[in-house]
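The values are calculated or read from the model by the stated rules, or taken from the named source; none is laboratory data. Predicted model only: the values in this text are computed from it and were never measured. As a convention, Cβ positions derive from the backbone with ideal geometry for all residues, glycine included, and neighbour counts pool all protein chains shown. Note: areas computed on protein heavy atoms with side chains; ligands, DNA, RNA excluded. Shrake-Rupley method; radii C 1.70, N 1.55, O 1.52, S 1.80 Å.
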Amino acid sequence: MARYKENKLFFEGKSKSFEAEKIRSAQVSLQFALTSLEKAQTIMFTSANKGEGKTFCISNIAKEYAKLGKKVLLVDLDLHRPRLSQAIAPREQGGLMLGIRDISVLEDQILPLTDENLFFLPTGPLPSNPLEVISSGKLTEVLAKLKEEFDMIFIDTPPVRVLSDGRMIATLCDGVVLVIRNGVTKLNEVEEAKAHIENTGVPIIGGILNGQQYNKKEKNTYAYY
């Protein structure tokens with residue numbers, strides 16, 4: 001079992017709160033967007049820059065999918081700054097990298113989370129050359145095996161403007177979600193990130209505007225029911 005520490009990645013507020021409804025709304029929007037894809041099993045989340053909230057977004061949307069009865073896997077593929085791994089299971093020594101080295105032990109690296117149907121694959125020991133690992137056929141083999149076990153796979157990656165890792169990972173996925181930080185991400189940065197993803201030939205299936213501020217009146221609207 002995973003050894004957890006308290007973290008703020010998973011929203012733990014009231015199910016009828018404004019914040020919970022916004023998370024569900026993002027999940028439903030993604031669910032509708034996925035109907036346009038021929039395949040919709042492996043979804044990558046990225047951003048233009050670091051610190052835009054993609055790790056929070058991917059964690060909670062994956063959790064919402066798990067609530068629907070889907071067997072869901074969260075994969076940390078940020079082999080530079082694996083915030084997901086650091087937040088969920090910081091003391092785990094195993095993970096994705098061990099599975100890449102020896103696919104026979106891959107299943108043992110997958111950690112069940114406290115929510116039913118939700119699982120996590122941390123990075124494991126970080127490689128000296130992440131791009132070399134990502135570009136290898138080993139990662140393709142690992143993802144193929146994971147697809148046999150899970151209904152949905154959500155992959156957290158580094159920002160596509162900052163590192164080329166995410167662009168390579170995108171080619172192994174069915175679609176990409178771009179997270180944008182309200183008031184922080186500049187328009188030209190969004191356009192650059194969008195261009196990087198489009199160059200991979202993988203569809204951008206949605207964008208999430210994170211960090212938008214709402215006034216009390218707007219929040220109270222969600223309390224109607």
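A few points about this structure:
- Residue, surrounded by the fewest Cβ atoms within 10 Å (Cβ to Cβ), within region 164-187, restricted to residues that are within 17 Å of the chain's Cα centre (by Cα) and more than 26 Å from LYS145 (Cα to Cα): ARG181
- Region 161-177 residues that are hydroxyl-bearing (Ser, Thr, Tyr), paired with ones that are assigned to a loop (DSSP other than H, G, I, E, B) (beta carbon under 6 Å, 6 or more apart): THR171/THR200
- Residue among ALA62, ALA33 that is at pLDDT below 75 and outside any loop (DSSP other than H, G, I, E, B): ALA33
- Qualifying residues in region 128-142 (those that are closer than 14 Å to ARG81 by Cα and under 20 Å from the mean Cα position of the chain (by Cα)) - the one surrounded by the most Cβ atoms within 10 Å (Cβ to Cβ): PRO130
- When residues in region 178-202 are screened for being out of contact with any Pro (no Cβ under 9 Å at 6 or more places or on another chain), touching a residue at least 40 places away in the same chain (Cβ under 8 Å) and assigned to a helix (DSSP H, G or I), 3 of them pass.
- When restricted to residues that are of a type in the set (D, E, K, R) and either assigned to a strand (DSSP E or B) or out of contact with any helix residue (DSSP H, G or I) (no Cβ under 9 Å at 6 or more places or on another chain) (or both), region 153-177 contains 1.
- PHE150 within 23 Å of ARG91 (Cα to Cα), in contact with a Phe, Trp or Tyr (Cβ under 8 Å, 6 or more places away or on another chain) and of a type in the set (Phe, Trp, Tyr): no
- Qualifying positions in region 83-103 - open to solvent by less than 40 Å² (accessible area, probe 1.4 Å) and touching a Gly at 6+ places or on another chain (Cβ under 9 Å): SER85, ALA89, GLY94, GLY95, LEU96, MET97, GLY99, ILE100
- One residue stands out among those in region 155-167 that are among the hydrophobic types (A, V, I, L, M, F, W, C) and in contact with a Ser or Thr (Cβ under 8 Å, 6 or more places away or on another chain): the one that is nearest to GLY95 (Cα to Cα), which is ILE155.
- Set side by side, the residues THR123, THR114 differ, and just one is in a loop (DSSP other than H, G, I, E, B) and crowded, with 19+ Cβ neighbours inside 10 Å, which is THR123.
- Qualifying positions in region 130-143 - at pLDDT 95 or above and assigned to a loop (DSSP other than H, G, I, E, B): none
- Test: residue in region 117-126 that is on the phi > 0 side of the Ramachandran plot and out of contact with any Asp or Glu (no Cβ under 6 Å at 6 or more places or on another chain): yes
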